[in-house]
Protein chains: 2
Amino acid sequence: MEAAREFLLKRLRQIGLHEVRLLDGGGEPAVYGEWMGAPGKPTLLVYGHYDVQPADPLERWHTPPFEPVEIGDRLYGRGTSDVKASTTIALEAVAAYLAVEAACPVNIKVFLEGEEETGSPSLRAIVARHGTLLQADAVLSADGGRASATLPTINVGARGNAQLEVRLQSAHKDLHSGRYGGGVRNALHEMARLVASLHDQDGNVAVKGFNAGAEPLSASQRADTASFAYDEQAFFSSVGAASHGEAGYTARERITLRPALDVNGLWGGYTGPGGKTIVPCEAFAKMTARVVAGQDPGDVIRAVLGHLRSRCPADCTLDVVALHEGSPASTLDPSHPLVQSAGSVLQRECGRAPIHVRLGASVPVTALFKETLGIDTLMFGFNLPDEDVHAPNEFFRLSSIDAGLRGWVLLLATLAEQPRERFHAGGRAAAKASQV
Amino acid sequence: MEAAREFLLKRLRQIGLHEVRLLDGGGEPAVYGEWMGAPGKPTLLVYGHYDVQPADPLERWHTPPFEPVEIGDRLYGRGTSDVKASTTIALEAVAAYLAVEAACPVNIKVFLEGEEETGSPSLRAIVARHGTLLQADAVLSADGGRASATLPTINVGARGNAQLEVRLQSAHKDLHSGRYGGGVRNALHEMARLVASLHDQDGNVAVKGFNAGAEPLSASQRADTASFAYDEQAFFSSVGAASHGEAGYTARERITLRPALDVNGLWGGYTGPGGKTIVPCEAFAKMTARVVAGQDPGDVIRAVLGHLRSRCPADCTLDVVALHEGSPASTLDPSHPLVQSAGSVLQRECGRAPIHVRLGASVPVTALFKETLGIDTLMFGFNLPDEDVHAPNEFFRLSSIDAGLRGWVLLLATLAEQPRERFHAGGRAAAKASQV
């Protein structure tokens, strides 16, 4: 983390940004730099993040996760796709303007977070402490990538998230299964029972209140989703996964427009080679909820906790190891100047109008900037859905670099023509996003 | 393992045993030594094991697991109670006879296994290759300890065991829960559902055929079990565990006379610090079955596997990582000269007749020696039930050393008076044990 910050501080100064510094909020600080030489023009906060997901399981990587390795059109490494390449594209577009024209068409404030992958715990504090510095007309986010390499798309929303880790204890210590087996509760049996109760057999979340507040899908949302040329079978079979989930929705609706609950890690007892004849005394589970517009992530994750607590046997204990409310879903109105500017850029580059898509993943900064700074975010990243983010052998396509650089250079020029006040008019959906 | 073998080879020679050597069966070899200077007297195979359980979780130990540390009456260390102290007591009783009287009252064959804790995978091969060397009239096992420090007991049987490890796979790789969450099967959800299906809510095993073949409890078994002064509440509350299990049986019956199924380890997904927003693609579970007289451990563990396979969704795969049949339950008839000799020793030492108890744990060698060598085993270990075997902070009571040495010296003298043919008469139950 320290090395990444040092690299960025140096690079931001090198390309000609001012006020380059760390913004501290009590956790991993953000990296900041600005170029404010376009008076009267819009000011864009360029968002990216320099933190990455853990690299394990290390044994599944074919190349060292923290060494960039080029193979064909791919650059392998943890964080290449999520989201260092897209962040670099944004910075280098600004660098190119400053190097070639000695000026940018808009004012730029670069803001690179260090806690995106851990739920942005100190982002609120950073914005509270440095809110004046961060004032802008809109956010351009390098996070939130393309849905397709061939079809131009604009992200107009993202699911929110919330996180829970629990520990179930059934005894003071692990017990010899020959001495106690058949006589006592087994923490793994009980945890399995709790986890199994979270969904029904068909994949519907069985937690009361989990879907509460979720806005019903509108006709236009369903039409937009259906218009995205989406080979459902290929999407799942390319990763060997089975389509499985809530009844009454297409797969693409389930993963972008509906709440979801996943156990991300589960463990207890002896997990090494061979066997160990114990009755394990404790078990752990990590889980995350994805929430949609209209839902409060805190309410949703507390509903999950309440479900687990009500089902935990009275003679076991269930402790909360971690509970993070994360962030609510975000929504950007299609009439917003950010969407329209991106639309005209993509129309010019791709020869056809982009379609509107929504992200199943969460970009907490989006909702937080709307709430605290009152500004909307356009996601304009160039990573693609198959690049194994959050998994071993993450990569970024080298061919996306040209597309990304052209897109960002054009986007900044196009946004320069937008009157500043239009960014703050706000659409119905955009305003509403700040309240969920 | 190598150091333990070297230590034992040296010590066996030192105390005056002959033919000291390793007996190889393709795995960890056994250590052997003999003293055959009592012609016409019974030959006793003294069994112990020098392997131990894994020491983890290491962070739960208060002293280094592989350094013996004396604190009060306790000697802490992995393997102290299971079963190095009791093995040492047996060896030192022989050593004392040879040192003081230059002779033992019986012929002795010491056989120290190196694979007891891993299910004795090569024990059968060792016995097959070295069966002539191992011919004896009976086995005295240092494994299988005392049930109580104050009440004299004789073990007349032990549960058998079998082991299974499975891997469930739901996709080719871990998937981003933002991109796939709500759309696909999650290996942890499915594994939790499988594990939860193994028992009903009350703790009864729900696997069809799991209890098949188990002999109904006899009136004398239930009476013996009830006569053992057993504070059920203290037994469970001392380890913070809740009594939980099969309906219709007392807790002590459940853990010594009835089959049991425990998941010993369960894991999948991200288990490190913080969170990782993935849909895990695989999950693992290790489990062991305890079986009783009348049951075939292979049939029992295959019933468990069949249960899991029949419930695994068709679009996931369930692979067997390991399946070990282990060993059947063992039974020793109360009229057997081994039981009667031990009875008279304990009567003399403790001032009252011992009661007969059975072990919930498994001592695979017992059934194997009966089957291959046709001889019965008396368990005469001196560890106690609360010594945290298979758990952190395992210890052995130093005060048990005196009791053990006196017991073994007397036992060898008493057995020397038994006509050799009486060892081979066999009881109904003992003969039956070789067939289950």
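No lab work stands behind these numbers, since they all come straight from the coordinates. Just so we're clear, the structure is a prediction, and the values are computed from it rather than from any experiment. Cβ atoms come from the backbone with ideal geometry, glycine included; neighbour counts cover every protein chain shown.
Please find the FRET efficiency linking A:Ala247 to A:Asp24, where r is the Cβ-Cβ separation and R0 is fixed at 60 Å, and quote it to the nearest 0.05.
Efficiency for this residue pair is about 0.80.
Below 8 Å between Cα atoms, with a sequence gap of 6+, how large is the relative contact order for chain B in percent? Working shown, then result.
Numbers: 910 pairs, mean separation 117.9, N = 436.
Once divided by the residue count of chain B, the mean separation gives 27 percent.
Treat each spin label as a single point 7 Å out from the Cα along the C-beta direction, and report the A:Ile71 to B:Glu67 distance in nm.
4.6
Hey, with R₀ at 56 Å, roughly what FRET efficiency would B:Leu58 and B:Gln135 work out to, going by the Cβ-Cβ distance, to 0.05?
0.85
By the gyration tensor of its Cα atoms, with a ≥ b ≥ c the square roots of the eigenvalues, what is the shape of the stretch B:24-141: rounded for a/c under 1.5, prolate for a/b over b/c, or oblate?
Oblate shape, in that a/c is at least 1.5 and b/c is the bigger or equal ratio.
Take the alpha carbon atoms of the stretch B:185-263, find their center, do the same for the stretch A:156-210, and report the distance between the two centers in whole angstrom.
20
What are the residues whose amide H is under 5 Å from the amide H of B:Val110, where those residues sit 5 or more places off or on another chain and H is modelled from the backbone?
Under 5 Å from the amide H of B:Val110: B:Gly33, B:Glu34, B:Trp35, B:Val46.
Let me know the shape class of the stretch B:66-123, please: from the alpha-carbon gyration tensor, a ≥ b ≥ c as square roots of the eigenvalues, rounded when a/c is under 1.5, otherwise prolate if a/b is greater than b/c, or oblate.
Oblate, since a/c reaches 1.5 and b/c is not below a/b.
Could you run the Karplus curve 6.51 cos²θ - 1.76 cosθ + 1.60 with θ = phi - 60° over the stretch B:149-155 and give me ³J(HN,Hα) per residue in whole Hz, x for Gly and Pro?
Per residue, the Karplus-derived 3J(HN,Hα) values read 7, 10, 9, x, 9, 10, 6 Hz.
Treating only the Cα positions of the stretch B:297-366 as identical point scatterers, give the base-10 log of I(q)/I(0) from the Debye formula at each q in 0.15, 0.25, 0.27 Å⁻¹.
With no solvent term, the Cα-only Debye profile gives -0.69, -1.13, -1.20.
Step by step: find N for the protein assembly as shown, compute 2.2 N^0.38 Å, then divide the Cα radius of gyration by it. What's the final number?
1.18
If we count other beta carbons within 10 Å of each Cβ, what is the order of B:Phe395, A:Phe66, fewest first?
Neighbour counts put them in this order, fewest first: A:Phe66, B:Phe395.
Based on the alpha-carbon gyration tensor of the stretch A:293-436 and its eigenvalue square roots a ≥ b ≥ c, which shape applies: rounded if a/c is under 1.5, prolate if not and a/b is larger than b/c, or oblate?
oblate
Could you compute the net charge surrounding B:Arg309? Neighbours are other residues with a C-beta less than 13 Å from the C-beta of B:Arg309; K and R count +1, D and E count -1.
+2
Provide B:Asp262, A:Asp51 in ascending order of the number of other Cβ atoms located within 10 Å of each residue's Cβ, fewest first.
The order, fewest Cβ neighbours first, is A:Asp51, B:Asp262.
Compute the length gained on full extension between A:Glu2 and A:Leu398: take 0.36 nm times their separation in residues and subtract their Cα-Cα distance, giving the result in nm to one decimal.
Stretched out fully, the A:Glu2 to A:Leu398 stretch lengthens by 139.9 nm.
Cα centroids of the stretch A:1-27 and the stretch B:1-46: how far apart, whole angstrom?
69
Taking the alpha-carbon set of the stretch A:189-235, what are its Rg and Dmax in Å?
16.0, 45
Find the percent of Cα-Cα distances in chain B that exceed 43 Å, and round it to a whole number.
Values: 15156 of 94830 pairs.
Taking all Cα-Cα pairs of chain B, the fraction more than 43 Å apart is 16 percent.
Need one number: nm distance between label points at A:Ala149 and A:Ala128, each 7 Å from Cα along Cα→Cβ, rounded to one decimal.
Reported label-point gap for A:Ala149 and A:Ala128 is 4.5 nm.
On the Cα set of the stretch A:127-215, report Rg and Dmax in Å, please.
My reading of the Cα-based Rg and Dmax gives 23.3, 68 Å.
Can you give me the long-range amide H partners of B:Val357? Hydrogens built in the peptide plane at 1.01 Å from N, cutoff under 5 Å, separation of 5 or more residues or another chain.
Under 5 Å from the amide H of B:Val357 lie the amide H atoms of B:Ile154, B:Asn155, B:Val156, each far enough along the sequence or on another chain.
Could you check what % of the DSSP bridge pairs in the protein assembly as shown are antiparallel, to the nearest 5?
Around 75 percent of the beta bridges assigned by DSSP in the protein assembly as shown are antiparallel ones.
Rounding to the nearest 10 and keeping the result within 0 to 90°, find how far the Cα-based axis of helix A:364-373 lies from the longest principal axis of chain A.
It works out to around 60 degrees.
Using r as the Cβ-Cβ distance of A:Ala234 and B:Ser218, and R0 as 56 Å, what FRET efficiency do you calculate, to the nearest 0.05?
Plugging the Cβ-Cβ distance into 1/(1 + (r/R0)^6) gives 0.30.
Under 17 Å from a label point 7 Å along Cα→Cβ of A:Asn204: give me every residue in the stretch A:210-228 with its amide N that close.
Counting backbone N atoms under 17 Å from the label point, the list is A:210-214, A:216-217.
Report the percentage of all Cα-Cα pairs in the stretch A:73-191 whose separation exceeds 25 Å, rounded to a whole percent.
Value for the stretch A:73-191: 53 percent of Cα pairs lie more than 25 Å apart.
Could you put A:Thr271, B:Thr277 in order, starting from the residue whose Cβ has the fewest other Cβ atoms within 10 Å?
Numbers: A:Thr271 18, B:Thr277 26.
Ascending Cβ contact count within 10 Å gives the list A:Thr271, B:Thr277.
By per-residue mean of other Cβ atoms within 10 Å, what is the highest-first order of B:165-175, B:284-294?
Per-residue Cβ counts within 10 Å, averaged per peptide and sorted highest first, yield B:284-294, B:165-175.
Summing +1 for each Lys or Arg and -1 for each Asp or Glu, what net charge is found among the other residues whose Cβ lies under 14 Å from the Cβ of A:Lys41? Can you show the working numbers first?
Working: positive: A:Lys109, A:Arg420, A:Arg422; negative: A:Glu34, A:Glu101, A:Asp137, A:Glu417, A:Glu421.
Its environment carries a net charge of -2.
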